[in-house]
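Colleague: The structure follows.
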Amino acid sequence: MNMDRIIKLEQVSRRYGAKLALDGVSLEIPSGVVLGLVGANGAGKTTLIKHVLGLLRAQRGSVRVFGLDPVKQSVEVLSRLGYLSEDRDLPPWMSVGELMRYSRAFYPRWDSAYAERLRQQFQLSDSSRIRTLSKGELAKAGLLVALAHRPELLVLDEPSSGLDPLVRRELLEAVVRSVAEEGRTVLFSSHMLDEIGRVSDRIAMMVQGRVVLNGPLHEVLESHRRLVVRFPQSKDRLLAMPGALAIQGGPEEWTVIRNGGQEAFLNALHEVRGEVVEEGQATLEEIFHARASRHAVETTENHAG
Ligand code: ATP
């Protein structure tokens, strides 16, 4: 695989008034991968994406897309990427056919045959007005425009928000197919962990403006375990053990999400006469909640300290 960095953010920070929306974010996306950007509402996903698109200038740090500055070299960067925004801002008065012709004029590499195939696959009528489309159809029309010029980089901001599960799968499958076929790069934001898990090669998790976890999906999954432990002491002692991220349950049996080396954790557990009752791989959902709650604890402690 070509490991060139299609996107490279270094220490990017962004403030809206008192709100720190991005807090020293560094993130690299290699060529040819699907990166799933996960985060709760307000975590900073859209703000990060706006920096990639050159719609926002980094107040601190640097952003490079294709090795270019997306603010200063916006025409070149935008001509090489496809973008589906969260609010699908398409001109409401146009028909689907007009939207396709209008978009073709912007992109020298627009592929009319591919656009037509997508239109049929998405079951969009040529003559339907944008303002009359359902949420799902609107997302499909936006995706068609984002895909049909065969961009090197596809940026999808919450592509499936408001869509039913069937349409979600259809959209995601189209994305995955296009990526698999042509080795293009996708940056894909979502708060739906099941779909992130289905389509991503790598994931980055955002919590309160920070990237708290970033890596290949299989490594993220393999490096986190869910343990049920019997431990007749306080939750805080368990939480202080090496690699423990989040604890639930009690008073005697606890479910622990942990990462890193197992041995150090087990040694610490045995020292206080705890024992493992059950063990398995943590789900992406459990990992995300564990990371988010850990981050909240650390932030509170830092502020307190
Ligand atoms: P969602 O999943 O809800 O779209 P997100 O992860 O995309 O969330 P952002 O839209 O990037 O989050 O917002 C990050 C934070 O910055 C939020 O607290 C939001 O309220 C704030 N924010 C975003 N845009 C603005 C703005 N133009 N003015 C003031 N605050 C803003």
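Colleague: Looking at 124, 118, 144 in this structure, which one is in a loop (DSSP other than H, G, I, E, B) and either aromatic (Phe, Trp, Tyr) or assigned by TED's automatic domain parsing to the domain that holds residue 166 (or both)? Before the answer, list the steps.
Modeller: Values: 118 fails: in a loop (DSSP other than H, G, I, E, B); 144 fails: in a loop (DSSP other than H, G, I, E, B).
Going through 124, 118, 144 in turn, the sole match is 124.
Colleague: Can you tell me which residue among 243, 197 is touching a residue at least 40 places away in the same chain (Cβ under 8 Å) and buried (at least 17 other Cβ atoms within 10 Å of the Cβ)? I'd like the intermediate steps shown before the answer.
Modeller: Values: 243 fails: touching a residue at least 40 places away in the same chain (Cβ under 8 Å).
That would be 197, the only listed residue that is touching a residue at least 40 places away in the same chain (Cβ under 8 Å) and buried (at least 17 other Cβ atoms within 10 Å of the Cβ).
Colleague: Could you tell me whether any residue of segment 127-136 is open to solvent by 10 Å² or more (accessible area, probe 1.4 Å), assigned by TED's automatic domain parsing to the domain that holds residue 76 and either in contact (Cβ under 8 Å) with a residue 60 or more places away in the chain or among the acidic types (Asp, Glu) (or both)?
Modeller: No, the conditions are met nowhere in segment 127-136.
Colleague: List, please: which pairs have Cβ atoms under 9 Å, are six or more places apart or on different chains, and start with a residue in segment 41-52 that is under 10 Å from residue 189 (Cβ atoms) and open to solvent by 10 Å² or more (accessible area, probe 1.4 Å) and end with one that is part of a helix (DSSP H, G or I) and more than 6 Å from the ligand (Cβ to nearest atom)?
Modeller: Taking only residues 6 or more apart or on different chains, not a single pair turns up.
Colleague: Another question, if that's okay. Here's a check for you: in segment 268-294, which residue that is within 20 Å of the chain's Cα centre (by Cα) and farther than 18 Å from residue 242 by Cβ is modelled with the lowest pLDDT?
Modeller: Here the residue is 292.
Colleague: Additional query: How do the pairs read when you match residues in segment 17-31 that are open to solvent by 10 Å² or more (accessible area, probe 1.4 Å) with residues anywhere that are away from the ligand (no atom under 16 Å from the Cβ) and at pLDDT below 95, using Cβ under 6 Å and keeping only pairs 6 or more apart or on different chains?
Modeller: 28/5; 31/2; 31/4; 31/6; 31/185
Colleague: Taking segment 62-91 only, how many residues are within 16 Å of the ligand (Cβ to nearest atom) and open to solvent by less than 30 Å² (accessible area, probe 1.4 Å)?
Modeller: Result for segment 62-91: 4.
Colleague: Now for a different question. Which strands (runs of 3 or more DSSP E) sit wholly inside segment 1-61 and have at least 1 residues that are within 16 Å of the ligand (Cβ to nearest atom) and under 12 Å from residue 207 (Cα atoms)?
Modeller: 19-30, 34-39
Colleague: Look through 145, 167, 155, 175 and report the one residue that is open to solvent by 10 Å² or more (accessible area, probe 1.4 Å), hydrophobic (A, V, I, L, M, F, W, C) and touching a residue at least 60 places away in the same chain (Cβ under 8 Å).
Modeller: Going through 145, 167, 155, 175 in turn, just one is open to solvent by 10 Å² or more (accessible area, probe 1.4 Å), hydrophobic (A, V, I, L, M, F, W, C) and touching a residue at least 60 places away in the same chain (Cβ under 8 Å): 145.
Colleague: Has segment 205-216 got at least one residue that is assigned to a helix (DSSP H, G or I) and either touching a Leu at 6+ places or on another chain (Cβ under 7 Å) or open to solvent by 20 Å² or more (accessible area, probe 1.4 Å) (or both)? Before the answer, list the steps.
Modeller: Residues of segment 205-216 assigned to a helix (DSSP H, G or I): none.
Checked segment 205-216: no residue is assigned to a helix (DSSP H, G or I) and either touching a Leu at 6+ places or on another chain (Cβ under 7 Å) or open to solvent by 20 Å² or more (accessible area, probe 1.4 Å) (or both).
Colleague: On to the next question. Between 270, 289, which is assigned to a helix (DSSP H, G or I), on the phi < 0 side of the Ramachandran plot and touching a residue at least 24 places away in the same chain (Cβ under 8 Å)?
Modeller: Answer to the check: 289.
The values are calculated or read from the model by the stated rules, or taken from the named source; none is laboratory data. Because the structure is predicted, anything quoted here is derived from the model rather than measured. Cβ: placed from backbone, ideal geometry, glycine included. Neighbour counts: every protein chain shown. SASA here: full protein model, heavy atoms, side chains in, ligands and nucleic acids out. Shrake-Rupley method; radii C 1.70, N 1.55, O 1.52, S 1.80 Å.
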